[in-house]
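The values are calculated or read from the model by the stated rules, or taken from the named source; none is laboratory data. Quantities reported herein were computed from a predicted structural model and do not represent experimental measurements. Glycine gets a Cβ as well: all are built from the backbone with ideal geometry, and neighbour counts include every protein chain shown. Just the protein is used for accessible areas: all its heavy atoms, side chains included, with ligands, DNA and RNA removed. Shrake-Rupley method; radii C 1.70, N 1.55, O 1.52, S 1.80 Å.
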Amino acid sequence: MTEYHLLLLLIIGYLVFSMDKKQNYFPVPVVLVLLGVVLSVIPFFQGVIITKEMLFTFFLPALLFISAYQFSMQAWQKNKLIISSLSSIGLFLQVIILGLFIYIIGNGFLSISFIAALLIASLLTPTDPVSVVNILKQASSDKEDVADIVEGESMLNDGTSIVVFTVLLQMYGQQASVHWLDFTQEFILVSFGGVVVGIAFGWLMSKAVHFTHHRQYQVMLSIIVAYGSFYLGEALHVSGVLATVTAGMMLSYEFGKNIKEAHFRESLDGFWGIVEPTLLSIIFLLIGIQATEYLQFSEWTLAFFVFVCTLLVRFMVITGMTQLHPAWRKMITVKDSGVIAWAGIKGTMSVALVLGLEATLGADHFIVSLTFVVIILSFVVQSIGVYPIMKKLNSKGMSSSS
């Protein structure tokens, strides 16, 4: 990708964000992905690709830090148990149950081993609510908990899903059976290590910021937090994603205790508020351009069934976990569980993992093509469907109350 490609992508992103900012039925990320598909047929953009290294080195640390830093500490304190449970135990259950569904259904189309089915499931468990959280909050102001749970779960399950995917990929490459004890130990070690790195890094940076009163240098320090925690975590062979998320939340928590840091928050919000749409414009346009290669997949029927299964399994797990817990049952209804399940859109993290898998298995491997098609289906269908679903649920709630 040349500087001219980058400039044109930024111009397109700017135009879309400017014109489509208030459109609920067609969220900006969906429009960008579809535009990327159109751009892929233009000779100038042929050969423009996005790689796992690009996503993990440049894009993801910043996007993870933004979502973590901006996530409300009040929302975290209120919903931390349900968010943590859904992004750990809930993720485990989704991988196992979805993997079983894929194994049973998939073998009606192709020859799929159980390890391969679990690997596909692990690629489809990360969620990316960037296109729907604002819609959820606007469409139902009395259900902010639902939007907070969707956003908080997404932050944490990005990290836990990478750990699950990495272990399953090793097993798939070695054609080994699943040893659940080793799997669980590795999961706990890598996840806990990432959290520890993030807490330490975020706390140290919150103290280091007092060495200067210049806002521009303090913002520079936030860049060090975002990328430094990620790289340090990866260097120590723990979860860099969880390290960055934890560091961002830790930094926000530390400054939330001191009202004197309001000016620092204003500077950070101003800087990262520009960075976020800039990065998202490039990412979603590149995903659309890249998607064209996989849309020629011959087993679209299988991809559709897998997509439906992701929604069904996610709804089953969320409903089961929330309705079995007395306190959560009062807060999250079955309808709310359906909204949370539908809002669990596959996005940037799933694409990053698929691209990493592509580097190992090759672009023509059926797992890569199948998963990418399911991701695109999820991203487009679920994003477009969020606002109509919320509007319909709200109208029913108003009619029943009257």
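Has segment 88-99 got at least one residue that is touching a Phe, Trp or Tyr at 6+ places or on another chain (Cβ under 6 Å) and within 30 Å of W300 (Cα to Cα)?
Residues of segment 88-99 that are touching a Phe, Trp or Tyr at 6+ places or on another chain (Cβ under 6 Å), as a first pass: none.
No.
Take segment 298-341 and flag every residue that is of a type in the set (A, V, I, L, M), touching a residue at least 24 places away in the same chain (Cβ under 8 Å) and over 22 Å from N157 (Cα atoms).
Correct list: L302, A303.
Is there a residue in segment 19-26 that is open to solvent by 70 Å² or more (accessible area, probe 1.4 Å), part of a helix (DSSP H, G or I) and modelled with pLDDT under 85? Don't jump to the end; show me each part of the working.
Looking only at segment 19-26, we keep the residues that are open to solvent by 70 Å² or more (accessible area, probe 1.4 Å), and these are 19, 21-23, 25-26.
With part of a helix (DSSP H, G or I) added as a condition, the list becomes 19.
Next, only the ones that are modelled with pLDDT under 85 stay: 19.
The answer is yes; a qualifying residue exists.
Starting from residues that are open to solvent by 30 Å² or more (accessible area, probe 1.4 Å) and assigned to a helix (DSSP H, G or I), keep the ones in segment 297-315 and report whichever is farthest from V374 (Cα to Cα).
F315
Scan segment 328-340 and tell me whether some residue there is more than 18 Å from I389 (Cβ to Cβ), buried (at least 16 other Cβ atoms within 10 Å of the Cβ) and β-branched (V, I, T).
no
Every residue in segment 1-17 that is assigned to a helix (DSSP H, G or I), open to solvent by 70 Å² or more (accessible area, probe 1.4 Å) and at pLDDT below 90, please.
E3, Y4, Y14, L15
For every residue, the table says whether it meets (1) more than 30 Å from E3 (Cβ to Cβ); (2) in a helix (DSSP H, G or I); (3) of a type in the set (A, V, I, L, M, F, W, C); (4) out of contact with any helix residue (DSSP H, G or I) (no Cβ under 8 Å at 6 or more places or on another chain).
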| position | (1), (2), (3), (4) |
| --- | --- |
| M220 | no, yes, yes, yes |
| A226 | no, yes, yes, no |
| F230 | no, yes, yes, no |
| T278 | no, yes, no, no |
| F284 | no, yes, yes, no |
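Can V30 be described as more than 30 Å from E234 (Cα to Cα) and open to solvent by 30 Å² or more (accessible area, probe 1.4 Å)?
It is false that V30 is more than 30 Å from E234 (Cα to Cα) and open to solvent by 30 Å² or more (accessible area, probe 1.4 Å).
Would you tally the residues in segment 189-218 being open to solvent by less than 60 Å² (accessible area, probe 1.4 Å), in contact with a helix residue (DSSP H, G or I) (Cβ under 7 Å, 6 or more places away or on another chain) and either closer than 19 Å to I66 by Cβ or among the hydrophobic types (A, V, I, L, M, F, W, C) (or both)?
So in segment 189-218, the residues open to solvent by less than 60 Å² (accessible area, probe 1.4 Å) come out as 190-191, 193-195, 197-198, 200-202, 205-206, 208-209, 212, 218.
Add one more test, that the residue is in contact with a helix residue (DSSP H, G or I) (Cβ under 7 Å, 6 or more places away or on another chain), and what stays is 190-191, 194-195, 197-198, 201-202, 205-206, 208-209, 212, 218.
So of that shortlist, the ones also either closer than 19 Å to I66 by Cβ or among the hydrophobic types (A, V, I, L, M, F, W, C) (or both) come out as 190, 194-195, 197-198, 201-202, 205-206, 208-209, 218.
Of the residues in that region, 12 qualify.
Can you find, within segment 219-250, the residue that is least open to solvent (accessible area, probe 1.4 Å) among those that are within 24 Å of the chain's Cα centre (by Cα) and over 24 Å from E53 (Cα atoms)? Break it down into steps so the answer makes sense when it comes.
Step one: of segment 219-250, the residues within 24 Å of the chain's Cα centre (by Cα) are 222-250.
Right, trim to over 24 Å from E53 (Cα atoms) and you get 249-250.
Details: M249: 21, M250: 36 Å².
In this case the residue turns out to be M249.
Out of segment 355-377, which residues are touching a Gly at 6+ places or on another chain (Cβ under 8 Å) and crowded, with 21+ Cβ neighbours inside 10 Å? Give the derivation first.
Narrowing segment 355-377 to residues touching a Gly at 6+ places or on another chain (Cβ under 8 Å): 360, 368, 375.
Result: V368, I375.
Identify all residues within segment 277-296 that are of a type in the set (V, I, T) and open to solvent by less than 30 Å² (accessible area, probe 1.4 Å); write none if there are none.
Listed by number, the residues that qualify are I282, I283, I287, I289.
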